[in-house]
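Colleague: Take a look at this one; I'll ask things after.
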């Protein structure tokens, strides 16, 4: 690469944010155009990056390493591999879609788009940072914009949700910081570099302690049961763009942390913690699904479904086999697309009906058939219908866990499969109540799906079908990097 | 003899400027008032220049080893003068709105300059007597300054509490010094450390240990560390806000510089002393926990800042408990970040006090929309105080916690980070007031009137806070080359 593409992708949004900030007040309209241009630019760069990416290679590509704080061995080290590549692309894509879905906001659009762009930098940075302190800085960078996004543009209970989100995730992050410092001193390597830390020689006891600290940071973000309580409030109260990015990307940061750092750097601890993580993951799958079943609020239902789907991801990670981890990463990518799309749809629905309560809806298929069709399509993808992308993630996770052979893994799979059935239950029942049945006349006339909204949904529909029908390229890319990591 | 005088030319300059301002304001009267602040500022700038001209290259020990010129003292003297310069700059706008300060402007600036002279002397103190004298020179003018608003009972209360408790603390400290002298037979700090090491007095000489602990009590009072913090909330709340800013920055810089001198130069292997380290750990624990917990219910901004400064003292004391060289420069970096954030925050508070006529946190309502630039800077200061990246507070905490983990104080660091999470709540509360609360008051006070100098100072502090993260190497190299040890 003649130019540092990763740094460009990471920092162009900040440039965009500064441009929005400096445009004078009358530039309320220009803010959304600047945001759109910026996000399209990084989307283009990320597609270019994916096309130039060598999927058959397992290690880091497009790396950049510069001295930042030489005195304490902190480098500005970026790199992308088969695991992080899908997420860089997904972040850029979801950002464009969020800008499009927020196109018509009237409440302080300038500040909204500026915060959105700042959030994007943090999200992309997490996936490509290879120095632990840099990783931590990007990890924390997403908290403040998300707090404001929820707090200013959210729904009725937004202040509570925003501060709960901030406090809860910060609590995990600072414990992660202590873990990072302990790694620096106890690994015998005096480095913060994630790739070099994998060569450490830590005793298993010390590994367990450090893993516990890192676990707190990652588990709260995923979110794993029982640290998930911030998620329903944050997802429900956030504005549409906020929910899409929260569910689509922020949750993935936690699981990514396990794969990038937990397993390679602390292998013995990962093995000893794996059963506990598997149990919590399976509880999360069942609990999330059961909680979704009883929800009356549509957005809260989708939020709990995220807990359930991320449970599959964590089950795959805890199995520590290549197939299962491939499934986990694929499930992360798929969940980002599918649940991101679900939140987009719920947002569009809210704009029409001004209610999130399922009881207030019904018979939408009569009035807005295209919308209802896409909604059904997305629900089928979410429950893991074969032929759509959601199936592959869950299947590979279960397959990889089951073929481990132990009784424990088999039992976990048996219980997790019940989660799939429950998933079908809450999604199909929700569909039945929302798009079928009698139309609730109180809703009045509903607008048909507009051209802009269709353009927002189309890319995700294409991806879901594409990955569902032919997932081989993406699985191969992920697989090479997973084997590279597990081999260490 | 003449060479000795050259070393204190900066102090002489500042003292002369102070006396000049005092005498001229007595003899010329009211007409002189406008010129006082500019003359003070020029004098301070001259002092900074003098340090570079006279002291930078002529390091050594002067005045029969009571005044030490070296990188450490030069760093702190420049730091103190810059901080005083900012305080003087902020005071120009502040005194316009006060009643009693305006009547006695010459004395006001004279006292401020005396505080800075005392602080400078403290950082260059070579023996116990100099430490005590300079500490008194810092304290006594601040007692007077805290009570400057004569008819305000809060101000009187502040001054009286500060004075009585301060005298008590100084008495305990000088009693401790006398015990150190009694145990070692020396007052020169380097000689004390030699005697202590040779006689391994830290292990078996209880006279010395009690003496050191008692001096720690005195210093603990000055830095507002728990359990010696009881003066802080009332004094911070009652004193005129510009003096609160002075106490929280310059008096703290002086006290920490003096503490570094006493511990690292006077008792150079204090990390081997169980009692001393235990005492520091106890102070740090109590400060971090008490300071953060008691800040939660506060409704007055200055009182909140008092508790926040107690908690920051707690974090810095973690550095002292670590007792290593890296801890020393970590404390210096934290001090730099702390002073920048605090001066900026207090500047904003002074603007609010002036326009909204209230010191309550609720007076910050709605500033996010009336004064966007100031509020963004305030967000930077508040988030920096929590210790979140990408701001200076994070860099400060990172290095202090790093030093703590390196010295096997990981449990203390964990408590430190957990209390930082608690602190998020009350700092974000201020942000909440600025952005999420409507201003319901006199329309006159809606937009804060901001003199140009305030804009410059607030912007400079915010820029410094960001700069510390973008190019931290400069500051790290600066502090690493400024450390002081017993063997010079």
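The values are calculated or read from the model by the stated rules, or taken from the named source; none is laboratory data. Remember, predicted model here, so these are calculated numbers, not experimental data. For neighbour counting, all protein chains shown are included, and Cβ atoms are generated from backbone atoms with ideal geometry for every residue, glycine included.
Colleague: Of all residues in the range B:436-463 being assigned to a helix (DSSP H, G or I) and buried (at least 20 other Cβ atoms within 10 Å of the Cβ), which is nearest to the other protein chains (Cβ to nearest Cβ)?
Modeller: The extreme case among them is B:462.
Colleague: Looking at A:308, A:318, can you tell me which residue is part of a helix (DSSP H, G or I), farther than 25 Å from residue A:160 by Cβ, out of contact with any strand residue (DSSP E or B) (no Cβ under 6 Å at 6 or more places or on another chain) and modelled with pLDDT under 95?
Modeller: Sole residue among the options that is part of a helix (DSSP H, G or I), farther than 25 Å from residue A:160 by Cβ, out of contact with any strand residue (DSSP E or B) (no Cβ under 6 Å at 6 or more places or on another chain) and modelled with pLDDT under 95: A:318.
Colleague: Taking the range B:464-475, which residues are within 11 Å of another protein chain (Cβ to nearest Cβ) and over 15 Å from residue B:79 (Cβ atoms)?
Modeller: Across the range B:464-475, the qualifying residues are B:469, B:470, B:471, B:472, B:473.
Colleague: I need the full set of residues from the range A:147-157 which are more than 8 Å from every other protein chain (Cβ to nearest Cβ), surrounded by fewer than 24 Cβ atoms within 10 Å (Cβ to Cβ) and part of a helix (DSSP H, G or I), in order please.
Modeller: A:153
Colleague: On to the next question. Of the numbered conditions (1) away from every other protein chain (no Cβ under 11 Å); (2) more than 17 Å from the chain's Cα centre (by Cα); (3) within 30 Å of residue A:304 (Cα to Cα), residue A:128 fails exactly one; give the number of that condition.
Modeller: (2)
Colleague: Residue check: is residue B:375 within 27 Å of residue A:74 (Cα to Cα), more than 8 Å from chain A (Cβ to nearest Cβ), touching a helix residue (DSSP H, G or I) at 6+ places or on another chain (Cβ under 9 Å) and in a helix (DSSP H, G or I)?
Modeller: no
Colleague: Residues in the range A:66-88: is at least one surrounded by fewer than 20 Cβ atoms within 10 Å (Cβ to Cβ), free of Cβ contacts under 8 Å to residues at least 40 places away in the same chain and part of a loop (DSSP other than H, G, I, E, B)?
Modeller: Looking through the range A:66-88, none of the residues is surrounded by fewer than 20 Cβ atoms within 10 Å (Cβ to Cβ), free of Cβ contacts under 8 Å to residues at least 40 places away in the same chain and part of a loop (DSSP other than H, G, I, E, B).
Colleague: Just checking, which of A:161, A:219, A:234 is under 19 Å from the mean Cα position of the chain (by Cα), within 13 Å of chain B (Cβ to nearest Cβ) and at pLDDT below 95?
Modeller: Within the list A:161, A:219, A:234, the selection yields A:161.
Colleague: What number of residues in the range A:174-216 are crowded, with 20+ Cβ neighbours inside 10 Å, in a loop (DSSP other than H, G, I, E, B) and within 11 Å of chain B (Cβ to nearest Cβ)?
Modeller: Going through the range A:174-216 one residue at a time, the tally reaches 1.
Colleague: Name the one entry in A:328, A:376 that is in contact with a helix residue (DSSP H, G or I) (Cβ under 7 Å, 6 or more places away or on another chain) and closer than 20 Å to residue A:240 by Cβ.
Modeller: Among A:328, A:376, only A:376 is in contact with a helix residue (DSSP H, G or I) (Cβ under 7 Å, 6 or more places away or on another chain) and closer than 20 Å to residue A:240 by Cβ.
Colleague: Could you please find all residues in the range B:54-81 being over 23 Å from the mean Cα position of the chain (by Cα) and within 22 Å of residue B:132 (Cβ to Cβ)?
Modeller: B:61, B:62, B:63, B:64, B:65
Colleague: I would also like to ask the following. Of the residues A:54, A:104, which single one is surrounded by fewer than 16 Cβ atoms within 10 Å (Cβ to Cβ), in contact with a strand residue (DSSP E or B) (Cβ under 9 Å, 6 or more places away or on another chain) and not in a helix (DSSP H, G or I)?
Modeller: From the options A:54, A:104, the qualifying one is A:54.
Colleague: Using the structure shown, decide if residue A:359 is surrounded by fewer than 16 Cβ atoms within 10 Å (Cβ to Cβ), at pLDDT below 90 and within 26 Å of residue A:236 (Cα to Cα).
Modeller: It is true that residue A:359 is surrounded by fewer than 16 Cβ atoms within 10 Å (Cβ to Cβ), at pLDDT below 90 and within 26 Å of residue A:236 (Cα to Cα).
Colleague: Take the residues in the range B:288-309 that are outside any helix (DSSP H, G or I) and in contact with a strand residue (DSSP E or B) (Cβ under 9 Å, 6 or more places away or on another chain); name whichever of them is surrounded by the fewest Cβ atoms within 10 Å (Cβ to Cβ).
Modeller: Taking the candidates together, the pick is B:299.
Colleague: Given the conditions (1) surrounded by fewer than 16 Cβ atoms within 10 Å (Cβ to Cβ); (2) at pLDDT below 90; (3) under 25 Å from the mean Cα position of the chain (by Cα); (4) within 30 Å of residue B:353 (Cα to Cα), and given that residue B:35 satisfies all but one, which numbered condition is not satisfied?
Modeller: (3)
Colleague: Follow-up. Taking the range B:383-414 as the search range and keeping residues that are more than 10 Å from chain A (Cβ to nearest Cβ) and more than 15 Å from residue B:462 (Cβ to Cβ), which one is surrounded by the fewest Cβ atoms within 10 Å (Cβ to Cβ)?
Modeller: In this case the residue turns out to be B:412.
Colleague: Name every residue in the range A:131-146 that is closer than 19 Å to residue A:76 by Cα, more than 10 Å from every other protein chain (Cβ to nearest Cβ) and in a helix (DSSP H, G or I), in order of residue number.
Modeller: A:132, A:135
Colleague: Provide a single number: the residues in the range B:476-488 that are in contact with a strand residue (DSSP E or B) (Cβ under 9 Å, 6 or more places away or on another chain) and within 14 Å of chain A (Cβ to nearest Cβ).
Modeller: Here the count works out to 1.
Colleague: Right, next: Read through the list (1) within 14 Å of chain B (Cβ to nearest Cβ); (2) in a helix (DSSP H, G or I), then give the number of the only condition that residue A:251 fails.
Modeller: (1)
Colleague: If I filter the range A:468-487 down to residues being surrounded by fewer than 15 Cβ atoms within 10 Å (Cβ to Cβ) and not in a helix (DSSP H, G or I), which single residue comes out as nearest to the chain's Cα centre (by Cα)?
Modeller: Restricting to residues being surrounded by fewer than 15 Cβ atoms within 10 Å (Cβ to Cβ) and not in a helix (DSSP H, G or I), the top hit is A:470.
Here's the yes/no breakdown for (1) in contact (Cβ under 8 Å) with a residue 24 or more places away in the chain; (2) out of contact with any strand residue (DSSP E or B) (no Cβ under 6 Å at 6 or more places or on another chain); (3) more than 30 Å from residue B:447 (Cα to Cα):
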| position | (1), (2), (3) |
| --- | --- |
| B:282 | no, yes, yes |
| B:286 | yes, yes, yes |
| B:311 | yes, yes, yes |
| B:315 | yes, yes, yes |
| B:335 | yes, yes, yes |
| B:340 | yes, yes, no |
| B:351 | yes, yes, no |
| B:366 | yes, yes, no |
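Colleague: Ok, one more. So, in the range B:415-434, exactly how many residues are crowded, with 22+ Cβ neighbours inside 10 Å and within 7 Å of another protein chain (Cβ to nearest Cβ)?
Modeller: 4
Colleague: Out of A:417, A:411, A:421, which single residue is without any contact (Cβ under 8 Å) to a residue 24 or more places away in the chain and either in a loop (DSSP other than H, G, I, E, B) or over 22 Å from residue A:304 (Cα atoms) (or both)?
Modeller: A:411
Colleague: Something else: Just the residues that are within 15 Å of residue A:441 (Cα to Cα) and assigned to a helix (DSSP H, G or I), please, taken from the range A:327-384.
Modeller: Correct list: A:352, A:353, A:358, A:359, A:360, A:364, A:365, A:366, A:367.
Colleague: Next up: Please go through the range B:163-190 and give me each residue that is touching a residue at least 60 places away in the same chain (Cβ under 8 Å), within 20 Å of residue B:124 (Cβ to Cβ) and part of a helix (DSSP H, G or I), ordered by number.
Modeller: B:180, B:189, B:190
Colleague: Among (1) in contact with a helix residue (DSSP H, G or I) (Cβ under 9 Å, 6 or more places away or on another chain); (2) closer than 28 Å to residue A:153 by Cα; (3) part of a loop (DSSP other than H, G, I, E, B), where does residue B:427 come up short?
Modeller: (3)
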